[in-house]
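One structure is given below, encoded as structure tokens.
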Amino acid sequence: MRLAGPLRIVVLVVSVGVTWIVVSILLGGPGSGFPRIQQLFTSESPRARKYKCGLPQPCPEEHLAFRVVSGAANVIGPKICLEDKMLMSSVKDNVGRGLNIALVNGPLPPDTGVSGELIEARAFDMWAGDVNDLLKFIRPLHEGTLVFVASYDDPATKMNEETRKLFSELGSRNAKELAFRDSWVFVGAKGVQNKSPFEQHVKNSKHSNKYEGWPEALEMEGCIPRRSTAS
């Protein structure tokens, strides 16, 4: 019983010391004010910040933000977003089995009056549809037209040599080898000189498929630079 008083004093001293250490760490030391504690309550993790189309970082000036998501198996439809505008999705009820394609005016400088506006968006059934409908859609593209593509279920069964050639000319590296139930997302443009950096492709393989009979869904995002009027 005689130790009760001294023990209470020791506990109190230790508590005060620990509290002082914690406060010093949060405040950043003497004379530093409250920067660290303010940062804890006001700053956001870079992953938590969301910009146009849900990108984790904003695009530089003179760039267009985009996100393209392929369909998951034959259950969840694809999505195509540009500059925070959902061009194609299940919610908009304009996606379907096969290839989902959005045509967009090329990203020219602002003074041209062209700012990535949607021209047309359509879904083409590549299992039971007519490939000629797709050819009529992508043959007459104007120079600089952006082409956003997201697969859903089966993107390739009805593809012929001309279809693959046209997508290759738009900048695709994988169109020539696209096969039954592959997952594919792609952004190309009419008149490009090089292959597009915006493309992902996963083969349908029973050894690696995420879903029974289908590979994983693909998600691609990025920033498309505007081109000069002289290019």
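Counting only residues that are within 24 Å of the chain's Cα centre (by Cα) and not acidic (Asp, Glu), which one in the stretch 109-118 is modelled with the lowest pLDDT? Only one residue fits best here, namely VAL114.
Residues checked against (1) at pLDDT below 50; (2) part of a strand (DSSP E or B):
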{"residue": "MET1", "(1), (2)": "yes, no"}
{"residue": "TRP20", "(1), (2)": "no, no"}
{"residue": "VAL23", "(1), (2)": "yes, no"}
{"residue": "GLU44", "(1), (2)": "yes, no"}
{"residue": "PRO56", "(1), (2)": "no, no"}
{"residue": "CYS81", "(1), (2)": "no, yes"}
{"residue": "GLY96", "(1), (2)": "no, no"}
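Each row is one residue, and each column tells you yes or no for (1) touching an Asp or Glu at 6+ places or on another chain (Cβ under 9 Å); (2) closer than 30 Å to HIS142 by Cβ.
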| position | (1), (2) |
| --- | --- |
| PHE180 | yes, no |
| SER183 | yes, yes |
| GLN193 | no, yes |
| GLU199 | no, yes |
| VAL202 | yes, no |
| GLU212 | no, no |
| PRO215 | yes, no |
| GLU221 | no, yes |
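What do you reckon, is VAL68 surrounded by 14 or more Cβ atoms within 10 Å (Cβ to Cβ), touching a Pro at 6+ places or on another chain (Cβ under 8 Å) and either among the polar types (S, T, N, Q) or within 23 Å of THR145 (Cβ to Cβ) (or both)? Criteria met by VAL68.
Each row is one residue, and each column tells you yes or no for (1) touching a residue at least 12 places away in the same chain (Cβ under 8 Å); (2) surrounded by 21 or more Cβ atoms within 10 Å (Cβ to Cβ); (3) in contact with a Ser or Thr (Cβ under 8 Å, 6 or more places away or on another chain).
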{"residue": "ASN174", "(1), (2), (3)": "yes, no, no"}
{"residue": "ARG181", "(1), (2), (3)": "yes, yes, no"}
{"residue": "TRP184", "(1), (2), (3)": "yes, yes, yes"}
{"residue": "VAL187", "(1), (2), (3)": "yes, yes, yes"}
{"residue": "ASN194", "(1), (2), (3)": "yes, no, no"}
{"residue": "LYS203", "(1), (2), (3)": "yes, no, no"}
{"residue": "ASN209", "(1), (2), (3)": "no, no, no"}
{"residue": "GLU221", "(1), (2), (3)": "yes, no, no"}
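Once the stretch 146-169 is narrowed to residues that are open to solvent by less than 10 Å² (accessible area, probe 1.4 Å) and not hydrophobic (A, V, I, L, M, F, W, C), the residue that is farthest from LEU218 (Cα to Cα) is THR163.
Which one is farthest from the chain's Cα centre (by Cα), of the residues in the stretch 119-144 that are under 17 Å from PRO78 (Cα atoms) and either aromatic (Phe, Trp, Tyr) or open to solvent by 70 Å² or more (accessible area, probe 1.4 Å) (or both)?
To start, the set of residues in the stretch 119-144 that are under 17 Å from PRO78 (Cα atoms) comprises 120-127.
The next check asks that each one be either aromatic (Phe, Trp, Tyr) or open to solvent by 70 Å² or more (accessible area, probe 1.4 Å) (or both); those that pass are 120, 122, 124, 127.
Working: GLU120: 20, ARG122: 20, PHE124: 22, TRP127: 26 Å.
Filtering the stretch 119-144 for residues that are under 17 Å from PRO78 (Cα atoms) and either aromatic (Phe, Trp, Tyr) or open to solvent by 70 Å² or more (accessible area, probe 1.4 Å) (or both), the one farthest from the chain's Cα centre (by Cα) comes out as TRP127.
Looking at LEU141, LEU166, just one residue is in contact with a Leu (Cβ under 8 Å, 6 or more places away or on another chain) and either free of Cβ contacts under 8 Å to residues at least 12 places away in the same chain or part of a loop (DSSP other than H, G, I, E, B) (or both), and that residue is LEU141. All conditions in (1) surrounded by 17 or more Cβ atoms within 10 Å (Cβ to Cβ); (2) over 20 Å from the mean Cα position of the chain (by Cα); (3) modelled with pLDDT of 95 or more hold for GLU199, with the sole exception of (2).
Answer yes or no: is there a residue in the stretch 187-203 that is closer than 25 Å to ILE76 by Cα and in a loop (DSSP other than H, G, I, E, B). Steps first, answer last, please.
First pass over the stretch 187-203, keeping only residues closer than 25 Å to ILE76 by Cα: 187-188, 198-203.
This time we only want the ones that are in a loop (DSSP other than H, G, I, E, B), so: 198, 203.
Yes.
The values are calculated or read from the model by the stated rules, or taken from the named source; none is laboratory data. Nothing here was measured: the structure is a model prediction, and the numbers come from that model. Here Cβ is always computed from backbone atoms with ideal geometry, including for glycine, and neighbour counts include all displayed protein chains. SASA here: full protein model, heavy atoms, side chains in, ligands and nucleic acids out. Shrake-Rupley method; radii C 1.70, N 1.55, O 1.52, S 1.80 Å.
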